[in-house]
Amino acid sequence: MAWIWGLAGSLLIAGAAYWKRSLALSGFVSAVVLGTAMFALGSLAWFGTLIAFFVSSTLLSKLKHQRKTAAESGYAKGGRRDAGQVAANGGLGLVLCIANAVWPDPAWWMLFVGVMATVNADTWATEIGGMSLSTPRSIINGKRVPTGTSGGVTGLGLLASLLGGAFIGLIGGWFNQMGEPGNEAGTLLVLVTLCAVSGLIGSLADSWLGATWQVMFRCKVCGKTIEKQVHCKQRAVQIRGMGMMTNDVVNAVSSLVGGTVCLLLSAYV
Ligand SMILES: [Zn+2]
């Protein structure tokens with residue numbers, strides 16, 4: 001029965017995102033698989049946390065896309081999310097959910113909310129930080145870099161990271177309490193704080209990896225520095241980073257950092 005409820009909820013939400021052109025067809029399929037499995041193998045709290053990320057980041061992307069499209073074309077995070085991007089954002093969460101179903105342990109939940117706090121913090125930082133009026137500074141050396149550069153951070157972006165992480169703690173904790181009445185408000189506040197901190201640290205890790213290890217290319221046609229290998233219908237030249245460290249891999253690694261931070265901190269509260 002849980003599979004049917006999960007499928008219905010996922011079809012509804014991913015279907016709306018596909019309809020509104022936020023998901024490519026492959027992204028729609030993987031989002032439905034992800035959501036259904038999260039509901040059936042996890043709980044309403046696991047599912048609700050995933051949806052909190054998915055809905056808030058989709059709405060924020062929509063906002064940004066109404067403002068600019070040209071600057072976007074160089075970056076791997078295009079308009080419609082495909083299966084690879086959905087998997088990079090939620091795949092690790094699914095692995096943790098499956099692990100919890102096989103070997104139940106509260107540690108999986110802490111890892112999971114830390115991971116989701118990071119992917120959400122990252123997205124909020126990109127979308128909201130992109131609206132910053134001040135020029136970003138490189139996380140490596142503090143020098144000013146053009147808006148949209150991997151590894152560029154702004155004060156507004158950092159604030160958005162904190163809030164994006166806190167939002168996951170709030171929604172995740174709230175859904176979790178619905179399943180276990182009697183939990184005091186203090187538990188919720190602790191989770192919000194843990195998620196705000198781990199989301200911030202995870203998205204700083206993402207910025208740092210983006211500025212150092214992430215593979216970057218230069219288009220042979222238009223000369224733009226880009227994250228993806230093909231631009232202007234031509235194969236671009238690699239200019240730095242490690243070949244395997246694509247934007248999706250950087251996202252996955254940094255969310256693991258956020259999850260680990262959350263789990264470690266939770267041992268001290
Ligand atoms: Zn080009």
**Message:** Using a 1.4 Å probe on the protein heavy atoms, what percent of the accessible area of the stretch 1-62 belongs to carbon and sulfur?
**Reply:** 80 percent
**Request:** Could you provide, to the nearest whole Å², the per residue accessible area of the chain with probe 1.4 Å?
**Result:** 49 Å²
**Request:** Assuming R0 = 45 Å, can you tell me the calculated FRET efficiency for the pair residue 224 and residue 185, based on Cβ-Cβ distance, to the nearest 0.05?
**Result:** 0.35
**Asked** Stretch residue 105-residue 16 to full length: gain in nm at 0.36 nm per residue minus the Cα-Cα span?
**Response** 28.7 nm
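Net charge near residue 251, counting Lys/Arg +1 and Asp/Glu -1 over other residues with Cβ under 9 Å of its Cβ?
Neighbour charge sum, excluding residue 251 itself: -3.
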**Complete:** If one builds a Gaussian network model of the chain from Cα atoms under 10 Å apart, the most fluctuating residue listed among 221, 250, 32 is 221
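Carbon-plus-sulfur fraction of the accessible area of the stretch 226-269, 1.4 Å probe, in percent? Working shown, then result.
On the way: 1650 of 2560 Å².
Heavy-atom surface of the stretch 226-269 belonging to carbon and sulfur, 1.4 Å probe: 64 percent.
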**Request:** Give me the distance in nm between label points sitting 7 Å out from Cα along the Cα-to-Cβ direction at residue 134 and residue 147, one decimal.
**Result:** 1.5 nm
**Item:** Low-density loop positions, chymotrypsin sites (Phe, Trp or Tyr not before Pro), the stretch 200-269 - DSSP coil, at most 16 other Cβ in 10 Å
**Value:** 213, 268
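Could you tally the net charge around residue 115, taking each other residue with its Cβ under 13 Å from the Cβ of residue 115, Lys/Arg +1 and Asp/Glu -1?
Details: positive: none; negative: 122, 206.
After counting each charged neighbour, the total is -2.
Using a 1.4 angstrom probe on heavy atoms only, work out the carbon and sulfur share of the accessible area of the stretch 144-225 in %. Provide the component values of the computation, followed by the final result.
Numbers: 2690 of 3880 Å².
The C+S portion of the solvent-accessible surface of the stretch 144-225 is 70 percent.
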**Item:** Candidates 186, 91, 258, ranked by Gaussian network fluctuation over the chain, Cα under 10 Å, top entry
**Value:** 186
**Asked** When only C-alpha pairs under 8 Å and at least 6 residues apart count, what is the relative contact order of the chain, in percent?
**Response** 20 percent
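The values are calculated or read from the model by the stated rules, or taken from the named source; none is laboratory data. As the structure is a computational prediction, the values presented were derived from the model and not from experiment. Don't worry about glycine lacking a Cβ; one is built from the backbone with ideal geometry, like all the others, and counts go over all protein chains shown. Please note that ligands, DNA and RNA were not included when accessible areas were found on the heavy atoms of the full protein model with its side chains. Shrake-Rupley method; radii C 1.70, N 1.55, O 1.52, S 1.80 Å.
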